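Below: one structure, written as C-alpha cells.
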Amino acid sequence: MDSRSLRPEILVIGAGPGGSAAARALAEAGHEVLLIDSADFPRDKTCGDGLTPMAVRTLRKMGVLAQVKAAGAQRIDYNRITGPFGLSATMAFAEYQPDYPYALVLPRLILDDVLRRYALAAGVEFRGRVRVEDIRCEGDRVMEVVASTPEGPLTLQPRHVVIAVGANMGLLKRAGFITHRPRFIRAARAYFDGVEVPPGREMYDFYFDLKLLPGYGWIFPTGGGRANIGVGVLPVPWSTRQPTHTLLDEFLERHRANGLGKAEPASPVKGYPLRIDFPATRAAGENWVIVGEAAGLVNPVTGEGIDLALESGLIAARCLHDDIRRARADHHTYQRELWDRFGPMFSGLRILRDILITPVFTDYALLLMRQHKFLTTTVMKIAQGIDPPANVFHPLFILQFFLPVTPRLIAETVGRAFARQHGAL
Ligand SMILES: Cc1cc2nc3c(=O)[nH]c(=O)nc-3n(C[C@H](O)[C@H](O)[C@H](O)COP(=O)(O)OP(=O)(O)OC[C@H]3O[C@@H](n4cnc5c(N)ncnc54)[C@H](O)[C@@H]3O)c2cc1C
C-alpha cells in the first residue's frame, strides 16, 4: 500500500479513550478502521487519572474492565469533599450508590495503552506519530485529511471520519469545526510519592479551599504510596487565577496534615485545559462525527472526561454503523443521541457547579450531606451524571434541603472546622 495516500473506510483521529472506544466498536461491527495519533504509544496524558463509578460501568460494558484492573488500577471506595472552612463529608460509594459501588485510579500512560491495544485486538489498524495538520471539507463533507509523519506528508481520503483529538483546539479551529471561544477549566497535576493512605480507606479527596475558589484541589491515590495531586480553576468572569506550580505547592503545604507530611514530587507539574463547552459546537456532519473532549464533553463540576469520551465514542460507533447500513446521507442521528444523553445533564451541572463554588453554599451543602442520606445520594448521582438534574425536584430532596440542620450538628461541625483551622485537629 502506498504510504503517502490512504483511503480507509473509517479514519479515527486520536487514540485517547474516545477514539479507541469508537475504533474498537466499529471494528467489532465489521468495519475497516484506521486509528491514528500524533503520539507514539504508550504516551502520558495530563489528567487526574480518576475512573469514576460511571467509567467503571462503561469499561465493564465494553468488556475491558478486567484488563484495566489487571494493569494495576487502584480501587477507590470513598469520596470526600472538604469545604472552604474545613467542613467535610465522606461518602462510601457502595452505601450511597449501590449500583455504582466503586471507582478506580489508573495513570493514563497505562490506561490509554490498554484501551488502544483492546481496539487493535478487534482488528483496528494503528499508526502512531501521524499528526493531522488539516481537515479539508467541501460543504459539510470531509474530503481530505492532511498529516505529517516522520517519513513525510501523508494524505488520507476516508469515507467517514471520527474526530477524537481531545482539547486540541488549534486543529478544530483551523479546520472550521470550532467558530466560538471554547470555555475550559485550567488544571495542573503532578505525581507525589510518600503519600500516606490508610489501607482500605483509599478515597477521591476533593478540597474546595477558600484559596483555590473558584476551583478545587484533588488527591487521588494511585497505589504504593503514590498519588496524583492537582488543582483546577473553573472559568468565571470575576477571576483570572491560573493553576500554577505555586498554587499546587501552596495546596500541598496546606494539606501536609492530610497524609501529605512526607510527600515528595515524583514527576514534573503539567498543566492542560479541560473543555467543558458542550453543546456549543456541531458534533456531526455528512461523513464526520466529533467525540469526547473535542466535543466539549467534560463534566463541568468534577472535571471528569474519560467516561464521557468512552460513552460518546460508543454512541458514535453505533450511529455510524447504523447510518452506513441504512445508507443514510449524513450522521445527524449521532448529534441527536449525544444531546439526549448529555444535553440536560450539562445544563443542570452548570447550576450545581455555580452553587458549589460559592463558599457559604458549599458549607451548607456539606452540612446537609452529613445529615440527610437521600439528599446526599441525589447530589452525588447528579454530580457524576448518573441521574438527571431534575431529581432535585423530588419531594424528599426538597424537604431535606429546607429542613433546618440541627443546631447540635452545626455546633459540632463548626467547632471542628475552627479547631482544624487553628491546628488543634
Ligand atoms: C489536569 C487534568 C485532570 C483531569 N482529571 C480527570 C480525571 O481524574 N478523570 C477524568 O475522567 N477526566 C479527567 N480529565 C479530563 C480527561 O483527561 C479528558 O477529558 C479525556 O482524556 C478526554 O478523552 P478524549 O479521548 O476525548 O481525548 P484525549 O484523551 O485528550 O485524547 C486525544 C488524542 O488525540 C491525539 N491528538 C491530538 N491532536 C492530534 C492531531 N492533530 N493529530 C493526531 N492526533 C492528535 C492526542 O495525542 C491524544 O492521544 C482531566 C484533564 C486534565 C487536563
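Test ALA119 against the stated conditions and say whether it is in contact with a Phe, Trp or Tyr (Cβ under 8 Å, 6 or more places away or on another chain), in a helix (DSSP H, G or I) and more than 30 Å from ILE13 (Cβ to Cβ). Walk me through how you get there before you give the answer.
On the way: in contact with a Phe, Trp or Tyr (Cβ under 8 Å, 6 or more places away or on another chain): yes; in a helix (DSSP H, G or I): yes; more than 30 Å from ILE13 (Cβ to Cβ): no.
Against the criterion (in contact with a Phe, Trp or Tyr (Cβ under 8 Å, 6 or more places away or on another chain), in a helix (DSSP H, G or I) and more than 30 Å from ILE13 (Cβ to Cβ)), ALA119 does not qualify.
Can you confirm whether THR82 is hydroxyl-bearing (Ser, Thr, Tyr), within 30 Å of LEU368 (Cα to Cα) and surrounded by fewer than 18 Cβ atoms within 10 Å (Cβ to Cβ)? Before the answer, list the steps.
Details: hydroxyl-bearing (Ser, Thr, Tyr): yes; within 30 Å of LEU368 (Cα to Cα): yes; surrounded by fewer than 18 Cβ atoms within 10 Å (Cβ to Cβ): no.
For THR82, the condition - hydroxyl-bearing (Ser, Thr, Tyr), within 30 Å of LEU368 (Cα to Cα) and surrounded by fewer than 18 Cβ atoms within 10 Å (Cβ to Cβ) - is not met.
Could you please find all residues in segment 79-101 being more than 28 Å from LEU65 (Cβ to Cβ) and in contact with a Pro (Cβ under 6 Å, 6 or more places away or on another chain)?
Residue satisfying the conditions is PRO84 alone.
Can you name every residue in segment 144-169 that is near the ligand (Cβ under 10 Å from one of its atoms) and either more than 25 Å from ALA317 (Cα to Cα) or part of a loop (DSSP other than H, G, I, E, B) (or both)?
Matches in segment 144-169: SER148, ALA164, VAL165, GLY166, ALA167, ASN168.
Provide a single number: the residues in segment 41-66 that are small (Gly, Ala, Ser) and either buried (at least 20 other Cβ atoms within 10 Å of the Cβ) or closer than 29 Å to LYS270 by Cβ (or both).
Within segment 41-66, the first condition is being small (Gly, Ala, Ser), and the residues that meet it are 48, 50, 55, 63, 66.
Now drop any that are not either buried (at least 20 other Cβ atoms within 10 Å of the Cβ) or closer than 29 Å to LYS270 by Cβ (or both), which leaves 48, 50, 55.
Qualifying residue count for the region: 3.
State whether one or more residues within segment 132-143 are surrounded by fewer than 20 Cβ atoms within 10 Å (Cβ to Cβ), among the small types (Gly, Ala, Ser) and more than 21 Å from SER312 (Cα to Cα). I'd like the intermediate steps shown before the answer.
First, the residues of segment 132-143 that are surrounded by fewer than 20 Cβ atoms within 10 Å (Cβ to Cβ): 133-134, 136-141, 143.
Applying the additional criterion that residues be among the small types (Gly, Ala, Ser) yields 139.
Okay, now just the ones that are also more than 21 Å from SER312 (Cα to Cα), so 139.
Within segment 132-143, one or more residues are surrounded by fewer than 20 Cβ atoms within 10 Å (Cβ to Cβ), among the small types (Gly, Ala, Ser) and more than 21 Å from SER312 (Cα to Cα).
Taking the condition of being within 12 Å of the ligand (Cβ to nearest atom) and more than 29 Å from TRP288 (Cβ to Cβ), how many residues in segment 41-73 meet it?
Within segment 41-73, the subset within 12 Å of the ligand (Cβ to nearest atom) is 41-56, 58-59.
Now narrow it down to the ones that are more than 29 Å from TRP288 (Cβ to Cβ): 48-50, 53, 56.
Going through segment 41-73 one residue at a time, the tally reaches 5.
Output the number of the condition that VAL392 fails; it satisfies all remaining conditions of (1) touching a residue at least 12 places away in the same chain (Cβ under 8 Å); (2) touching a Phe, Trp or Tyr at 6+ places or on another chain (Cβ under 6 Å).
All conditions are met except number (2).
Can you tell me how many residues in segment 284-302 are within 12 Å of the ligand (Cβ to nearest atom), more than 12 Å from the chain's Cα centre (by Cα) and assigned to a loop (DSSP other than H, G, I, E, B)?
Number of matching residues: 1.
Over 14 Å from LEU260 (Cβ atoms) and of a type in the set (Phe, Trp, Tyr) - does that describe any residue in segment 215-222? Let's see the steps before the verdict.
As a first pass, look at segment 215-222 and keep what is over 14 Å from LEU260 (Cβ atoms): 215-216, 222.
With of a type in the set (Phe, Trp, Tyr) added as a condition, the list becomes 216.
Yes, because at least one residue in segment 215-222 is over 14 Å from LEU260 (Cβ atoms) and of a type in the set (Phe, Trp, Tyr).
Restricting to segment 1-40, give me the number of residues that are surrounded by fewer than 16 Cβ atoms within 10 Å (Cβ to Cβ) and within 15 Å of the ligand (Cβ to nearest atom).
Going through segment 1-40 one residue at a time, the tally reaches 1.
Tell me which helices (runs of 4 or more DSSP H) are completely within segment 308-408 and hold 1 or more residues being touching a strand residue (DSSP E or B) at 6+ places or on another chain (Cβ under 9 Å), or say none if there are none. Full working, then the answer.
Values: elements: 332-356, 359-371, 373-383, 395-402.
Hits in segment 308-408: 332-356, 359-371, 373-383.
Might you let me know whether segment 117-139 holds any residue that is within 12 Å of the ligand (Cβ to nearest atom) and either farther than 29 Å from LEU6 by Cα or not assigned by TED's automatic domain parsing to the domain that holds GLY16 (or both)?
No, the conditions are met nowhere in segment 117-139.
The values are calculated or read from the model by the stated rules, or taken from the named source; none is laboratory data. The shown structure was predicted, so the numbers you read here are calculated from the model rather than taken from an experiment. So basically every Cβ, Gly included, is an ideal-geometry build from the backbone, and we count neighbours across all protein chains shown.
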